[in-house]
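The values are calculated or read from the model by the stated rules, or taken from the named source; none is laboratory data. Predicted model, so just to flag it, every value in this text is computed and none were measured. Neighbour counts are summed over all protein chains in view; Cβ atoms, including those assigned to glycine, are modelled from backbone coordinates with ideal geometry.
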Amino acid sequence: MGVKEIERRLCQRFKIPGATVSYRITRLFSPKSGNDEEFCPILDLSRGGIRFLTQKPLKFKSKVTIQLSIPGERVPIDLKGRVRWSTFNAGKSYKYQAGVQINPYGLEKHQNVPQTLTKIVALESKFIEPEEPSDPSKPGEFGA
């Protein structure tokens with residue numbers, strides 16, 4: 001029996017089959033249009049963050065603007081966030097994985113508009129897999 005990692009995330013992660021991310025690193029003197037990379041597959045997301053595949057390594061703490069494209073949705077969801085990690089994805093078609101922490105939701109500068117949170121909560125309720133209720137008659141991990 002292995003030791004479980006401590007879950008640090010406050011929000012439950014979920015997967016959306018076929019969802020992709022297009023992102024742009026926010027630079028001081030860069031044009032406001034165009035993406036650094038498009039149609040990167042999403043591995044999972046939550047109200048507070050997103051993990052996706054990319055061909056380029058992303059620099060820790062870089063500010064990013066993300067367009068989240070969901071199959072069946074006409075308009076992508078725009079998010080602002082910050083790169084929390086980027087790691088090599090050995091032997092895979094996408095060379096890297098990246099994790100982006102989504103900025104807080106609100107009406108102040110650099111925050112994501114509250115309507116975005118509403119959209120993510122709706123996606124969460126649609127795509128989150130319900131946990132199976134535990135059967136009290138069966139021994140648990142530490143049971144007999």
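What is the residue count in segment 75-100 for residues that are of a type in the set (A, V, I, L, M) and outside any strand (DSSP E or B)? Walk me through it before giving the result.
First, the residues of segment 75-100 that are of a type in the set (A, V, I, L, M): 75, 77, 79, 83, 90, 98, 100.
When the remaining residues are screened for being outside any strand (DSSP E or B), the result is 75, 90.
Going through segment 75-100 one residue at a time, the tally reaches 2.
When only residues in segment 63-78 that are free of Cβ contacts under 8 Å to residues at least 40 places away in the same chain and more than 15 Å from the chain's Cα centre (by Cα) count, which is nearest to residue 103 (Cα to Cα)?
Residue satisfying both the conditions and the ranking: 75.
Residues that are among the polar types (S, T, N, Q), exposed (fewer than 10 other Cβ atoms within 10 Å of the Cβ), under 17 Å from residue 38 (Cβ atoms) and at pLDDT below 95: does segment 90-99 have at least one?
Let us first name the residues in segment 90-99 that are among the polar types (S, T, N, Q), namely 93, 97.
Checking the rest, the ones that are also exposed (fewer than 10 other Cβ atoms within 10 Å of the Cβ) come to 93.
Filter again for under 17 Å from residue 38 (Cβ atoms), leaving 93.
Going one step further and asking which of them are at pLDDT below 95, we end up with 93.
Yes; the residues of segment 90-99 include at least one that is among the polar types (S, T, N, Q), exposed (fewer than 10 other Cβ atoms within 10 Å of the Cβ), under 17 Å from residue 38 (Cβ atoms) and at pLDDT below 95.
Just one of 81, 72, 106 is exposed (fewer than 15 other Cβ atoms within 10 Å of the Cβ) and at pLDDT 95 or above; which is it?
Working: 81 fails: exposed (fewer than 15 other Cβ atoms within 10 Å of the Cβ); 72 fails: at pLDDT 95 or above.
Exactly one of 81, 72, 106 is exposed (fewer than 15 other Cβ atoms within 10 Å of the Cβ) and at pLDDT 95 or above, namely 106.
Might you check whether a residue that is at pLDDT 95 or above, touching a Pro at 6+ places or on another chain (Cβ under 7 Å) and either hydrophobic (A, V, I, L, M, F, W, C) or loosely packed, with under 14 Cβ neighbours inside 10 Å (or both) occurs anywhere in segment 36-52?
Taking every residue of segment 36-52 in turn, at least one turns out to be at pLDDT 95 or above, touching a Pro at 6+ places or on another chain (Cβ under 7 Å) and either hydrophobic (A, V, I, L, M, F, W, C) or loosely packed, with under 14 Cβ neighbours inside 10 Å (or both).
Of the residues that sit in segment 112-144 and are modelled with pLDDT under 60 and among the hydrophobic types (A, V, I, L, M, F, W, C), which one is nearest to residue 67 (Cα to Cα)?
142
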